[in-house]
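Below is one structure, written out as structure tokens; the observations come after it.
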Amino acid sequence: QVQLVESGGGLVQAGGSLRLSCAAAGSIVSINAMGWYRQAPGKQRELVATITSGGSTNYADSAKGRFTISRDNAKNTVYLQMNSLKPEDTAVYYCNADYAQEDYWGKGTLVTVSS
């Protein structure tokens, strides 16, 4: 069983930056891919970025060039550095972990970008 706890969300003006963190807790040996997804009001949850245990990354087109995903395997923590934020980035951001062939989700952290 894996518990994921996100932090770092909040209110920021357009053009600003935020750094999200997600710490995984539990009897963990090694987590495969970790990632960030987001869900805006009235929209489906969508991929933001993922990162494998080896450090390979994948980004949604909307995140490329502005967001950077990273992880600390020793701490079972994944980060999302978000720069040049836009109002359309407003959403609940969810952490995801692929562990032991199961998907785990955090409860989400709200990011609000004001214009």
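Over all directions, average the projected area of the Cα convex hull of segment 2-115 and note it in nm². Don't jump to the answer; show the numbers that get you there.
On the way: hull surface 26.2 nm².
Value for segment 2-115: 6.6 nm².
Using a Gaussian network model of the chain whose springs link C-alpha atoms within less than 10 Å, name the residue from Leu47, Leu85, Leu11 with the highest mean-square fluctuation.
Highest fluctuation of the listed residues: Leu11.
Using θ = phi - 60° and the Karplus curve 6.51 cos²θ - 1.76 cosθ + 1.60, what whole-Hz ³J(HN,Hα) does each residue of segment 47-59 get, with Gly and Pro shown as x?
Result, rounded to whole Hz: 5, 10, 6, 9, 8, 7, 5, x, x, 6, 10, 9, 10.
Show Asp72, Asp61, Asp89 ordered by accessible area, largest first, where the area counts protein heavy atoms only and the probe is 1.4 Å.
Asp61, Asp72, Asp89
Ignoring ligands, DNA and RNA, please state the percent of accessible area on segment 11-87 from carbon and sulfur, probe 1.4 Å.
46 percent
For Gln13 and Lys107, what does the FRET efficiency come to when R0 = 30 Å and r is the distance between their Cβ atoms, rounded to the nearest 0.05?
With R0 = 30 Å, the Cβ-Cβ based efficiency is 0.75.
Run the reach check for Lys64 against lysines, Cα to Cα strictly under 16 Å, same-chain hits fewer than 8 apart removed. What comes back?
Lys86
Full extension from Gln44 to Glu88: what is 0.36 nm times the residue separation minus their Cα-Cα distance, to one decimal in nm?
Gain on extension, Gln44 to Glu88, equals 14.5 nm.
By its C-alpha gyration tensor, with a ≥ b ≥ c as the square roots of the eigenvalues, how is segment 38-96 shaped: rounded for a/c under 1.5, else prolate for a/b larger than b/c, else oblate?
It is prolate, given that a/c is not under 1.5 and a/b is the larger ratio.
Just the accessible area per residue of the chain, please: how many Å² with a 1.4 Å probe?
Normalised by residue count, the accessible surface of the chain is 53 Å².
With a 1.4 Å probe and all protein chains kept in place, how do Val92, Val29 rank by accessible area, largest first?
Heavy-atom accessible area, descending, gives Val29, Val92.
For Lys43, tell me the accessible area in Å² from a 1.4 Å probe, rounded to the nearest 10.
Its accessible surface works out to 140 Å², give or take rounding.
For Lys43, which aspartates and glutamates qualify as cross-link partners when the Cα separation must be under 18 Å and same-chain residues fewer than eight apart are set aside?
Cross-link targets: Asp61, Glu88, Asp89.
The values are calculated or read from the model by the stated rules, or taken from the named source; none is laboratory data. It should be emphasised that the depicted structure is a prediction, and the values quoted were computed from it without experimental measurement. Here the Cβ is made from the backbone with ideal geometry for all residues, glycine too, and neighbour counts use every protein chain on show. Ligands, DNA and RNA are stripped out before the accessible areas are found, and what is left, the full protein with its side chains, is counted by its heavy atoms. Shrake-Rupley method; radii C 1.70, N 1.55, O 1.52, S 1.80 Å.
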